[in-house]
Amino acid sequence: MLAAGASVDERVIEGALRPQLLADFVGQQVVREQLSLVLDAAKARSATPDHILLSGPPGLGKTTLSMIVAHELNAPLRVTSGPAIQHAGDLAAILSSLTEGEVLFLDEIHRMARPAEEMLYVAMEDFRVDVIVGKGPGATAIPLELPPFTLVGATTRAGMLPGPLRDRFGFTGHLDFYAPAELERVLRRSAELLGVELTEEGGAEIAGRSRGTPRIANRLLRRVRDWAQVRGDGVLDLDASRAALEVYAVDERGLDRLDRSVLEALCRRFGGGPVGLSTLAVSVGEEPETVETVAEPFLVREGLLGRTPRGRIATPATWEHLGLTPPPGYSWVGASTGGGTLTSRAGMAQDPLPDPGT
Ligand SMILES: Nc1ncnc2c1ncn2[C@@H]1O[C@H](COP(=O)(O)OP(=O)(O)O)[C@@H](O)[C@H]1O
Ligand SMILES: [Mg+2]
């Protein structure tokens, strides 16, 4: 079970838990307000809104927001994804069948094939697709007008998108990890929809261990429900939450198997780093992209992992969290993290002064 990716079964349940209106979408205040302006203005002009790009780690609500966009506009929604578009022809088929005002959701847009990308530029900007008829020297391009539509692209790696593609989105919303109080609201809402009783303490406990991610919060809620129904009295209270999360080996900071194996490898095998992303990924048996997009954003935000030009490094908090002592001579020189520069020097056995030369 990967950190925040969704399995097939889960997608069915997620569908049922997805808010349909912007007003029911918890948290992400900034993105929500920006998006509501984009949508309201378009509605007021009776026009299709600009293309929208949503970026952020898995499980934070990109797919949900794309569905909300279609719902709020009262427009039909077409769903596809980058990996499903291997040839320009795949995209041409989708584009040429769009109806006026339709919302096209293109998930994992950074994984689309190059030739399709170029076709997408033209479609986004000029609402036109050039259909190639025939083969070889006799082939001709017949321009086909498209009705106005809104593309909603989602990506876990905005930095991977080519500039020309990024520039064609009129609005980019970046989703960030949720605060525990926001996750508590997500959990209360889900508990109500699932028809289970969740106590305040139970909700707080689950929220605190959900890695800032609604998908994980909802997943843990269901595991706690299982426990409460089988071993408890059906109520999702503090005891049930703690006991269930214990069974599923979610630690008190919400780190899961992948997170922990990354940190363990970093400390135990590479002495705290610096170690390159691909080496680290190989040593935990994962793709570099998975480590980078699924595990790292949260670890960096929590100050449990540092990114430096020379590679990934453990922080004092990493050693502490794993209950390990850094090797003699290990030096923490600080690294840029999501929240700025880490300067905490607590928990160090050997604690030399920062050396700007290393
Ligand atoms: N802001 C939110 N409020 C309520 N539920 C949310 C929110 N964001 C995500 N969820 C829930 O989390 C799950 C995963 O969200 P999803 O949109 O599929 O994430 P992503 O596409 O970014 O991976 C969905 O079941 C959805 O109901
Ligand atoms: Mg998604």
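The values are calculated or read from the model by the stated rules, or taken from the named source; none is laboratory data. Everything numeric here is computed off the predicted structure, so don't read it as measured data. Note that each Cβ is placed from the backbone with ideal geometry, even for glycine, and that neighbours are counted across all protein chains shown.
Some points to look at:
- The set of residues from segment 108-131 being more than 25 Å from ALA47 (Cβ to Cβ) and in contact (Cβ under 8 Å) with a residue 24 or more places away in the chain comprises GLU108, HIS110, ARG111, MET112, ALA113, PRO115, ALA116, GLU117, GLU118, VAL131.
- Pairs with Cβ under 6 Å, 6+ apart, first in segment 167-178 and more than 25 Å from PHE298 (Cα to Cα), second away from ligand 1 (no atom under 16 Å from the Cβ) and assigned to a loop (DSSP other than H, G, I, E, B): PHE169/HIS51; GLY170/ASP50; GLY170/HIS51
- Of all residues in segment 98-117, those satisfying the criterion of being closer than 24 Å to LEU65 by Cβ and either of a type in the set (Gly, Ala, Ser) or away from ligand 2 (no atom under 16 Å from the Cβ) (or both) are LEU98, THR99, GLU100, GLY101, GLU102, ALA116, GLU117.
- Filtered by the rule that a residue be within 17 Å of ASP256 (Cβ to Cβ) and surrounded by fewer than 22 Cβ atoms within 10 Å (Cβ to Cβ), segment 197-225 gives GLY208, ARG222, ARG223.
- Any hit, segment 21-33, residues being surrounded by 12 or more Cβ atoms within 10 Å (Cβ to Cβ) and within 13 Å of ligand 2 (Cβ to nearest atom): no
- Any hit, segment 44-66, residues being small (Gly, Ala, Ser), away from ligand 1 (no atom under 16 Å from the Cβ) and under 13 Å from VAL152 (Cβ atoms): no
- Annotation note: of GLY159, GLY202, the sole residue that is more than 16 Å from ligand 1 (Cβ to nearest atom), closer than 28 Å to LEU255 by Cβ, without any contact (Cβ under 8 Å) to a residue 24 or more places away in the chain and of a type outside the set (Lys, Arg) is GLY159.
- Selection from segment 55-83 of residues that are away from ligand 2 (no atom under 13 Å from the Cβ), under 24 Å from LEU161 (Cα atoms) and either outside any helix (DSSP H, G or I) or modelled with pLDDT under 95 (or both): LEU77, ARG78
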